[in-house]
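The values are calculated or read from the model by the stated rules, or taken from the named source; none is laboratory data. Note that the coordinates shown come from a computational prediction; the quantities given were computed from them, not determined experimentally. Cβ sites come from the backbone with ideal geometry, for glycine too, and all protein chains shown count toward neighbours. Only protein heavy atoms, including side chains, enter the accessible area calculation; ligands, DNA and RNA are left aside. Shrake-Rupley method; radii C 1.70, N 1.55, O 1.52, S 1.80 Å.
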Amino acid sequence: MKKIVVNLKQRSYPIIIGFKTFSRIGSFLNSIKIGKDAVVITNNFLKKRIGFSLAKNLLKSGYTVKFEVVPDTERSKSAAEVFRLINSIGKIDIKKRIFIIALGGGVIGDLSGFVAAIYKRGVNYIQVPTTFLAQIDSAIGGKTAIDLSVGKNLVGAFYQPKLVFSDISLLKTLDKRQVRSGLAEAIKYGVIKDKALFNFIEKNYKSILRLERKPLEFIVYRSSLIKSKVVALDEKESKGIRTILNYGHTVGHALETIGGYREYSHGEAIAIGMIAAARIARELDLLDAASCQRIERLIAKVGLPVGIKKINKTRLMTTLNRDKKFIKGMNRFVLPVSIGNVVVRQNIPLSVIKRAIDSIINEDTTYGMK
Ligand SMILES: NC(=O)c1ccc[n+]([C@@H]2O[C@H](COP(=O)([O-])OP(=O)(O)OC[C@H]3O[C@@H](n4cnc5c(N)ncnc54)[C@H](O)[C@@H]3O)[C@@H](O)[C@H]2O)c1
Ligand SMILES: [Zn+2]
């Protein structure tokens, strides 16, 4: 079992990474004194698959447990779902010892964290991430959010959990599409900060896709470490440091929004976004052709999409303009300069962005086949 601390002074918390550690969660909670009445936010599948044994363990450790089940879709990240949950939690919050457990992937994590942030101006919560993507990325760092129809993650709060509890053994039921989605974020970490991680994924992607324990443990640990260090340096993304985690997300979020959050998973959208950003970097002569190709090749090799079939380009540009990463009408992109290093650039000429977008339209979209 490994432990990483996200160092945020009085808001510091541990990330526990282990294998089959799930059944010991009660004793971890006892050590952080978090409350006594657990509200587990999850979906139906995860409630049956993991929830009941989680509840058993919590009951044994002296907690009460109440489930709140949300639909299994990005559309759960909505104002309607937030208020439904808050009303329901309010009704059972009698002894005022409530805390929230986000049991699920990034959707449940973002939604539950936001509910925890605004209910009574903040109650304790922990993240129990069950997808690869959530374990390496979304469960860490306290970015909580819901979507609006005009854009993704437009309503939210920075609100840190008290514990992130990542049990790699929970990943064994993920399908390949979800593993690939997580791999997109792992490739992102490689490009922005960790050449060795990038090399590792190049070498081991087949065993990662087979969900072998060792490479998964390595990637979850390494990625969690990078994310926790970046978050510790710039918790609220006010110093321009945390911004690098958005590599691929500018175009990626716009694609998710335009696709109604159904067409692409988060990881698939940012895979295309990473290619667009790499090509922008290439055109601005920030990135050499060989490195640009390596990024594109790895994304294709793991079976992520490298392009889009058709798109309403005007809508894409309008959606891009609404992105939080565009400040005062000025665009802002995270651009790779080598594998392991990125820069943040503002005011990229629109013609360059448009050319990058054109270049990803009608690329080979037969992803997921290899
Ligand atoms: N807060 C952040 O910093 C941050 C970072 C990255 C992504 N995100 C957000 O995360 C979301 C994407 O997260 P995701 O990729 O985890 O998607 P998700 O939460 O939709 O989960 C994907 C699917 O996997 C299923 N699932 C979950 N655990 C499973 C398991 N153990 N076995 C089998 N199936 C399982 C879910 O039910 C769902 O159908 C997006 O909304 C994105 O915006 C947030
Ligand atoms: Zn992401």
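Considering only residues in the range 264-284 that are away from ligand 1 (no atom under 13 Å from the Cβ) and among the charged types (D, E, K, R), the one that is least open to solvent (accessible area, probe 1.4 Å) turns out to be Arg279. Among the candidates Arg282, Arg262, the residue that is without any contact (Cβ under 8 Å) to a residue 24 or more places away in the chain and over 30 Å from Leu8 (Cβ atoms) is uniquely Arg282.
Remark: pairs (first residue in the range 28-55, touching a residue at least 40 places away in the same chain (Cβ under 8 Å) and within 12 Å of ligand 1 (Cβ to nearest atom); second residue open to solvent by 20 Å² or more (accessible area, probe 1.4 Å) and among the hydroxyl-bearing types (Ser, Thr, Tyr); Cβ separation under 6 Å; 6+ apart in sequence or on different chains) are absent. Residue check: Gln10 meets all listed conditions (1) under 25 Å from Ile226 (Cα atoms); (2) touching a Pro at 6+ places or on another chain (Cβ under 9 Å) but one, namely (2). A Cβ distance below 7 Å, combined with a sequence gap of six or more or placement on separate chains, defines the contacts here; from the range 188-215, residues that are not assigned by TED's automatic domain parsing to the domain that holds Asp137 reach residues that are away from ligand 1 (no atom under 16 Å from the Cβ) and among the hydroxyl-bearing types (Ser, Thr, Tyr) in the pairs Pro215/Ser207.
Is it true that Glu202 is at pLDDT 95 or above and away from ligand 2 (no atom under 16 Å from the Cβ)? It is true that Glu202 is at pLDDT 95 or above and away from ligand 2 (no atom under 16 Å from the Cβ).
So for the range 266-284 (the condition being closer than 18 Å to Ser359 by Cα and in a loop (DSSP other than H, G, I, E, B)), does at least one residue qualify? Yes, the range 266-284 contains at least one residue that is closer than 18 Å to Ser359 by Cα and in a loop (DSSP other than H, G, I, E, B).
All of (1) more than 14 Å from ligand 1 (Cβ to nearest atom); (2) touching a Leu at 6+ places or on another chain (Cβ under 9 Å); (3) open to solvent by less than 10 Å² (accessible area, probe 1.4 Å); (4) not basic (Lys, Arg) hold for Ile89 with one exception: (2).
Taking the range 285-310 on its own, how many of its residues are in contact (Cβ under 8 Å) with a residue 40 or more places away in the chain, under 19 Å from Asn362 (Cβ atoms) and open to solvent by 50 Å² or more (accessible area, probe 1.4 Å)? The number of residues fulfilling the criteria is 2. Residue count for the range 129-178 under the criterion of being within 10 Å of ligand 1 (Cβ to nearest atom) and of a type in the set (Val, Ile, Thr): the result is 7. Picking from residues in the range 1-25 that are buried (at least 18 other Cβ atoms within 10 Å of the Cβ) and at pLDDT below 95, the one that is nearest to Ile126 (Cα to Cα) is Ile25. Within the range 116-132, one or more residues are at positive phi, touching an Asp or Glu at 6+ places or on another chain (Cβ under 9 Å) and open to solvent by 10 Å² or more (accessible area, probe 1.4 Å). Considering each residue of the range 232-240 in turn, at least one proves to be touching a residue at least 24 places away in the same chain (Cβ under 8 Å) and in a helix (DSSP H, G or I). In the set (1) touching a residue at least 40 places away in the same chain (Cβ under 8 Å); (2) open to solvent by 20 Å² or more (accessible area, probe 1.4 Å), the condition left unmet by Val65 is number (1). For the range 76-94, what are the residues that are in a helix (DSSP H, G or I) and either outside the structural domain of Gly51 (by TED's automatic domain parsing) or in contact with a helix residue (DSSP H, G or I) (Cβ under 8 Å, 6 or more places away or on another chain) (or both)? Matches in the range 76-94: Ser76, Glu81, Val82, Leu85, Ile86, Ile89, Gly90. If only residues of the range 147-194 that are acidic (Asp, Glu) and open to solvent by less than 50 Å² (accessible area, probe 1.4 Å) are counted, the one that is nearest to Ser31 (Cα to Cα) is Asp167.
Residues checked against (1) within 20 Å of Leu148 (Cβ to Cβ); (2) β-branched (Val, Ile, Thr):
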site: Lys95; (1), (2): no, no
site: Phe99; (1), (2): no, no
site: Gly106; (1), (2): yes, no
site: Gly113; (1), (2): yes, no
site: Val123; (1), (2): no, yes
site: Thr131; (1), (2): no, yes
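Considering only residues that are open to solvent by 30 Å² or more (accessible area, probe 1.4 Å) and within 15 Å of ligand 2 (Cβ to nearest atom), look in the range 228-263 and name the one that is modelled with the highest pLDDT. Checking each candidate, the answer is Glu237.
Consider the range 92-107 and keep the residues that are open to solvent by 10 Å² or more (accessible area, probe 1.4 Å) and touching a Ser or Thr at 6+ places or on another chain (Cβ under 7 Å). The one that is nearest to ligand 2 (Cβ to nearest atom) is Gly106.
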